[in-house]
Amino acid sequence: ELTKKVKELIQKSNIELTVLPKQEALQLLSETFPGCSDFAQSIQCTSLGLHVVRFGNHAYRTVAVQPVAVASSLKSVPWQIRAGQRKGYFELLGPTISLEALVPGNFGKLGAPLPMQVGVQECNEAAAAGKQTNMALQAETLQNNTLAELSSRIAAAAREKSCAVVVAGPSSSGKTTFAARLALHLQARGLEARPLECDMYFKARADPTHPRDAKGELNFEDPDSLRIEKIKQDLEALLDGKPVELPKFCFKTGTVQEKTGNILQLPKQAVLIIEGIFGLHPKFLSAFGNVSLFKVLIGPWSGARLGNLCLMPERKFRLLRRIGRDVRTRGVDAARVMHKFSSVSAGEQLNIFPFAASADVIFDSTLHYEIPALRAVVGADVESARSDDADVQWRQKELANYLSWATPWQTSEYTLIPTSIACEFLGSSIFE
């Protein structure tokens, strides 16, 4: 009965998010939550994001460090209730389900996880000491070591039998740069390796068979948005050693260009690295026939951290990355990117994550200095985003809060390796 009442209370609650000057935020916290105020006082920043949870006439304020779910999304969460240490108090616990329980299968783990002590606060300290380049290079070296380990495994498999590598992952995971760098690693090991982007096989926007979402907008998160038969045709030719003229899809105009002059021909025993968000979907994999595949699922799974507290989950991390990429290369403003992210997330749940268990390896594309770097590049875009859409308004405040914790790393103040995955979203990728 208590569980039922608590769930009803959650459904009636209202969660707000605001970003305030630090002193104003501290004053509000001290009125209702002095313990949280003490914690916030220790954070070196000029502004603070606050979550305000309202139950009827009561309001409770906390520092917006941990991601908070919108009340309407809590209905199906398997909450647990436990008696508190003080009489009359109880604790409401979230789900304790592990990744293995949600997605069955043994995943191939690579490298060591990012150290918990490396986060936004440490990046702020590096900026104060003028050591941004050194910290960025440490992150790049850690990721490159993991990439080298993966390339060693693929090279060993490729020498036994010709194979193709499929690189899958949700939007803004870093697939394009990862595939290009993996090809370089394999080439350095004496193998012929070539990357191939699935994005070039999207259907034109004017194509009447292009799927649409519930709002009637073009849905690029559905595998039917790809020209699967064209992919199959080109793959058969490539794996047979024949030259193929690769098409090009223009994201700004939504048109397909067939005559590009971009010819790809694979030598014998070459490794084809093909990347795209639907890389693990059965419809896409059907294009490979009986070809031996090595499947990689990539994403910034570690998220962004402040000390040992989760500051930003990977999905919001990817949204910031996508704003950085789309505003500069696809002619879309930040508000539009935020608006589209609902359908992007829905597509991920339908067409990417249900097939995660089929991956041979999971690769973490997180670079712990990206939030300060992204703030310098997309901070103004996020701050100026305007929309009548309530979801966009929430996301704008949420992202502004996340960015407010970081000291911006201006591009003139540190060296960014041109082959970095971060370059894909900061506007300077050598692989574009």
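The values are calculated or read from the model by the stated rules, or taken from the named source; none is laboratory data. Being a predicted model, the structure only gives us computed values, none of them experimental. Counting neighbours? That spans all protein chains shown, and the Cβs are built from the backbone with ideal geometry, glycine included. The accessibility values were calculated without ligands, DNA or RNA, using every heavy atom of the protein model including side chains. Shrake-Rupley method; radii C 1.70, N 1.55, O 1.52, S 1.80 Å.
Points worth noting:
- Only the Cβ atoms of Lys and Arg (+1) and of Asp and Glu (-1) were treated as charged; on that basis the dipole of the chain about its Cα centre amounts to roughly 460 debye.
- Top of LYS87, LYS12, LYS161 by mean-square fluctuation, Gaussian network on the chain, Cα under 10 Å: LYS87
- Placing pseudo-labels 7 Å out from each Cα toward the beta carbon at GLU413 and GLN85 gives an inter-label distance of 4.0 nm.
- Percent of Cα-Cα distances greater than 39 Å, calculated over the chain: 24
- Mean separation of Cα pairs under 8 Å and 6 or more residues apart, divided by the residue count, gives the chain a relative contact order of 21 percent.
- The C-alpha radius of gyration of the stretch 288-431, expressed as a fraction of 2.2 N^0.38 Å, stands at 1.11.
- The length gained on full extension between SER342 and GLU217, counted as 0.36 nm times the residue separation minus their Cα-Cα distance, comes to 43.8 nm.
- Helical contribution to [θ] at 222 nm, DSSP H n ≥ 4, -39,500 (n - 2.57), averaged over the chain, rounded to 500: -12500 deg cm²/dmol
- Coordinate range along principal axes, alpha carbons of the stretch 172-326, Å, largest first: 51, 45, 28
- For the chain, built as a Gaussian network whose Cα springs stay under 10 Å, the top-fluctuating residue of LYS215, LYS242, LYS283: LYS215
- Per-residue SASA entry for GLU236, accessible area with 1.4 Å probe, Å² rounded to 10: 110
- Those lysines that a straight Cα-Cα span of less than 18 Å connects to LYS4, excepting residues fewer than 8 apart in one chain: LYS12, LYS75
- For the pair VAL6 and GLU432, the difference between a 0.36 nm per residue extended length and the Cα-Cα distance amounts to 148.2 nm.
- Taking each residue as 0.36 nm, the span from ASP389 to LYS161 lengthens on full extension beyond its C-alpha to C-alpha distance by 76.9 nm.
- Sparse-neighbour loop sites [GluC sites (Glu not before Pro); the stretch 149-226; at most 11 other C-beta within 10 Å; DSSP]: GLU217
- Shape class of the stretch 123-226 from the Cα gyration tensor (axes a ≥ b ≥ c, square roots of the eigenvalues): oblate, since a/c reaches 1.5 or more and a/b does not exceed b/c.
- Beta bridge orientation in the chain: antiparallel %, DSSP, nearest 5: 60
- Projecting label points 7 angstrom from Cα along Cα→Cβ for LEU264 and ALA148 puts them 2.8 nm apart.
- Where a label projected 7 Å from the Cα of ALA188 along Cα→Cβ would reach, residues of the stretch 137-170 with amide N under 17 Å: 137-156
- Whole-percent carbon and sulfur share, accessible surface of the chain, 1.4 Å: 52
- Gyration tensor (alpha-carbon) shape descriptor, the stretch 320-402, a/c threshold 1.5: oblate
- For the set LYS215/LYS295; LYS175/LYS268; LYS5/LYS87; LYS131/LYS340; LYS161/LYS295; LYS259/LYS295, the pairs lying more than 27 angstrom apart at their alpha carbons are LYS215/LYS295; LYS131/LYS340; LYS259/LYS295.
- GNM top mover of ALA334, ALA168, ALA155 - the chain, alpha-carbon springs below 10 Å: ALA155
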